[in-house]
Each structure stands twice: as structure tokens, then as C-alpha cells.
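Structure first, commentary second.
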Ligand code: F6R
């Protein structure tokens, strides 16, 4: 969502903040700003639009302090404008605050502060924090932030500086991610490790209701009551270059191409021999617990939800455990029934998505055992789960999730195959074939990437289509939904992912020459039915791009164009087929000149409900 960076040290604070924010721009990008402390006052610069505008403004009016905070915004309360952008200031300009999250009781707090004579300039929820901190500030910034936090309801990660205190910054967290970077003679605040990995590989991960006083020569952690907190530094396991484009035009393209390597890393230490059992120690579940499972509930948002849908299918098919998959934002509304021995599987790339975190807490409270399938190590979802299986994808920066999706499915497939093995629910020879298929995935993914130009040629033919329909069935219904999501979010082409079987119950009315249909028709349980559905579309003059296994002779006769995928067992085909669909969406968006890594209105990590 919004990105926060703070710096205190020997360097120019704005240089460090901007370099850090550059890495966070994918979180939100409708405005940006910095505030630096020095000479008894704060200097502030804010711009509407992308970070480059802030860089230009700082070139024109440099700010020299070595202590400051910065922010990129993704609007929640109030439209993108200079007044609504962060940092927000107290009326006397003494306190500046950057914030990620949502203050739920801001309207009441604003009315109370107004009644006390405070003047509000913006429409944001954040502004109340600056005024509250000022109200409680009597020379001890940490005490004022601590006191103000008691009045706040909702989620926040905060960076706070005071004009008369150029030697410290204060950071605080409740529900929104926050880390403190550890340097030598310098220290950092950030909402994401990726922002400061270029400066340090050591961080303190801050927990809910904790805060930090950050000085040049030291960091003091405490809870919100002021009790000291001891924490071991976490060493960021990936190199600084992992957060750079490495010669690719976009992060999305880089991340699509990282899939073979990421799949190898995901399999490493878990599956190496098709005849041997899968090892998933961090799952933290005994054989008896796995045998006793009565129900599995997957929950997630967006792309991760689609991975959960595939997961539901795999669990029922392989492990024979009744499974559901819920949109995290909807889960609480239906007050789900949690039976004894229910397992919740939470799927999230960032591990910080607010809706998903709320759903996790709901399921946990109702008695479910919770395991998560997460990318970002030590993220909130990972920490609140009873067990966690990391997908090992490395940093994903492109807003449209690509490698995390295929790795989420692969990780869930490992869990499902493990459960099937422990429960004896799938014949051993089928499990061996499945493990073989999983082991071959890195190679298959590379073959698909080598065919990028073929998919690009299909993109060139259809990139001006106003509408698209993605059809699939069975395990690949979710693939169709994910293909459509990729296309709509980065190219702004209206696209729907639909069950091919449901077509005739309504959507078929949309079929006409300007609606392109992508039909996933790989050999397997639903192949014949998919051919029937393609014929229904062709009969109504709709152009069809078929997705078929190599060597298929029927699909080229039925479809206008074919995207070829190497043959593999149907159960792992959602992983392989996702790759050309990512490439198709990528090239269509690129041909349309879209901002692929930062699509309009989107944020990489949605830390508000
Ligand atoms: C789409 C996309 C989003 C995320 C969703 C959940 O390409 O990236 O739909 O999948 O916001 O995010 P995580 O996985 O971080 O919980």
C-alpha cells in the first residue's frame, strides 16, 4: 500500500528516503513527500504523481538534513493531492508523520481535535495522528507517540519526526508492516525490507503494538507501555540486486522469467526423488493431525485466491479432504462454521494483506489450525500462523503477481501430495507420477519462456480487442480466472474468467467478432467438453485462442490461434498454462503502452480492508 522510509545518519536524508521509496513505488504512487528535521524546524516537500516528480522538486529545492522521513501514497481517504499527501504536519509545523494503514476512528478524533481548536487541512485519516502527537508532545517524542497510539483505532505503521529533535525518529506499529534497518552510525525505518536492502541486510521486524526510537548510534525497542523489548536482528536472505530489473524492461517481465529458478528453489530440500516422500518440516503438523483432518478452508485475495481455488481442487482430488476456498474479504461476513480438526490454509505473497490477515484471525479464533503459504519471510501472516510453508519466490515487485502465483500452486501441490501420502488417499504410482511432474516443472517453465515470441505474435493480433473471455473447466477454471485478471489489471482490457460450462447460462450472449476468447483446452478430464464449448463460440463468430498441449491436432482445427504448452499431468497444468497467459497479458499491455509495473489504481500490498 503506501510506502514509508525514514533515515537518520550522516548522509542526506532525502537521498536515502528517495532511493528507498523508489523500491516501494509499486506499493502506491499517487503522490509522494518528505519531511526533514533540523535547525529547530521541519522542512517539507510534497508532490502529486510519481516519485520522479519528487526527485525533480528536490533537485530544484534541496533539503540538507541528515534526519528525515518519506512516503509514497496510495489514496484511501481523500483524493490524490498535495494537501492529502504525506508527511502530515501539526498546525505549528513541529511534528511530521508518515503513515501506512487506516485509522478507523479518525472522524471522531478529528471532531474532538477541532473542538480543541486544531485546524485540519486535508481529507485524510492520517492528519489526526500529527495533531494528536503534537497535543501530547512536551519534549519527549517517544512518549507523545506512545500516548497518541492509545487513542488510535485501526492499522498503522508510523514514522514521526519533530522539528526540534534532529537526532531521533520514532516508529510505531499496529497491524501494518514495519522494520527498522540497522546500520553503522546510521539507521532506517521502512514499511518493507526491500526498501532498505540496498543499505543494510540487518533489520528488526517490529511487532504489533511495538515502537522504536531510532537514533544515529542506536535503536531502542519497546512496547506501547514503554516496556523494553529485546529482539534479535533478522538477516535479509536475498541480495540487494534481487530488487532490481536486471536488464528487463519491467519487473513483471523479469519475474515471469525467474519462474524456472524460483521453482527449483521451492522444491529444494522438499522434493528431490519421485519415489521418496515430500519433506515439509515448517508445516508443523504431525501425521496424526493430518490423518484426522475433517475439512480444509483456503482463504486469500486476488491472484492468491486463484491459487487457493487450485488448492481446493488438489486437496479434494489427492488427499480426499473436503475443501473450501473463500475470498478473504467475504469470509467474515458468512460467519464460517469451523468444525473440529479444520485446517485453514492462508495464501498470500506479501503476508500483509489486511483482508487475509483478518480472515486468518477469524478462523484461528474459531478454533482452526492455521498454516500459511507465504512469500515474504516473517510477514504478519507467517508469524500469526501455526505453521508456514514459504514459497521461496524471492522479492516480487511487479504489481501483477506472476512468479508468486505459480509458486503458490506448486507449494500447495506439495502440501496436497504430502497429505495424500500420509493419509494413503492416492495410489502410490499416481503419487510417484505427480512428484515426477512437479520435478519437471522448472524445465517445462523454461520451455514455455523460450516460446515467448510465439505468444507475443498472438498478442500482436489481439491487443486492440476491447473485451476478452477466458474459459476453463475443472482444475483450470482458476487458470482462466487468473488469465483474465492478469489481462485486465495491466492492459485495462475488460476480461472475464469463466467456467466454460457456465457459458451457455448467460455469457454466451456476449460472443461476437470483437470479443476474443481464450479457451484452455488441454487433454484431460474436461478436454472433450472444452472442444464443444469452442465450437459454440466459433458458431457465433467469436475469435478463439486455444491453449493446447503440444501435438494436439483437434484444437488447431477449431481455434483461430493456438498457444502451445508441453504435455504434463492435468493436475500440474495450472502451473504451466499460467506462464503463457502471463506472457500474453504482458505483451498486450506493453503493445498498448500501459504502465505495466504500476497499473492505475492498484497497489502491490493492500494493507487496508
Ligand atoms: C494481482 C495481485 C493481487 C494479489 C492480492 C493478494 O496480480 O497481485 O490480486 O494477489 O492483492 O495479495 P497477497 O498475495 O500479497 O496477499
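No value in this document is a laboratory result; all are computed from the given coordinates. Source: prediction; values computed, not measured. Positions of Cβ are backbone-derived with ideal geometry, glycine not excepted, and every protein chain shown enters the neighbour counts.
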Specify the angular offset, from 0 to 90 degrees and rounded to the nearest 10, of the alpha carbon long axis of helix 141-151 from the longest principal axis of the alpha carbons in the chain. 60 degrees
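Antiparallel versus total DSSP beta bridges in the chain: what percent is that, nearest 5?
Working: 60 of 101 bridges.
Antiparallel bridges make up about 60 percent of those DSSP assigns within the chain.
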If you fit an axis through the alpha-carbon atoms of helix 354-365 and take the longest principal axis of the Cα set of the chain, what angle between them do you get, 0 to 90°, nearest 10? 80 degrees
Can you give the Rg and Dmax of the stretch 3-243 based on its C-alpha atoms, in angstrom? 16.1, 51
How many angstrom lie between the C-alpha centres of the stretch 143-201 and the stretch 224-279? 25 Å
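By per-residue mean of other Cβ atoms within 10 Å, what is the highest-first order of 297-310, 251-264? Walk me through the numbers on the way to the answer.
Details: 297-310: 26.6, 251-264: 22.6.
Order by mean packing, descending: 297-310, 251-264.
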Please work out the Cα center distance from the stretch 305-338 to the stretch 530-551, rounded to the nearest Å. 30 Å
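Kirkwood Rh over Cα pairs of the chain into Stokes-Einstein at 10 °C, 1.306 mPa s: D in µm²/s? Display every interim value, and only then the final one.
Details: Rh = 25.2 Å.
For these conditions, the coefficient is 63 µm²/s.
Sequence gap at least 6, Cα distance under 8 Å: using those rules, report the relative contact order of the chain to the nearest whole percent.
Numbers: 1430 pairs, mean separation 71.5, N = 609.
The normalised contact order for the chain reaches 12 percent.
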Can you list, bin by bin at 10 Å, the percent of alpha carbon pairs in the stretch 221-291, starting at 0? 13, 24, 24, 26, 12, 1
Taking every alpha carbon pair in the stretch 451-598, what does the distance histogram look like in 10 angstrom bins from 0, in percent? 12, 48, 34, 5
Percent of Cα-Cα pairs per 5 Å bin, from 0 to the last occupied bin, for the stretch 78-162, please list those. 3, 16, 30, 30, 17, 4, 0
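For the stretch 245-443, take the alpha-carbon Rg, divide it by the Kirkwood Rh, and send me Rg/Rh.
On the way: Rg = 16.1 Å, Rh = 16.8 Å.
In the stretch 245-443, Rg relative to Rh is 0.96.
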Mind checking the angle between helix 573-591 and the chain's longest principal axis? C-alpha axes, 0 to 90 degrees, to the nearest 10. 60 degrees
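Give the peptides 469-479, 542-552, 402-412 in descending order of average Cβ contacts within 10 Å, highest first. Write out the running numbers ahead of the final one.
On the way: 469-479: 26.7, 542-552: 20.5, 402-412: 28.7.
The peptides rank, most packed first, as 402-412, 469-479, 542-552.
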For the stretch 52-85 and the stretch 404-432, what is the centre-to-centre distance using only Cα atoms, to the nearest Å? 48 Å
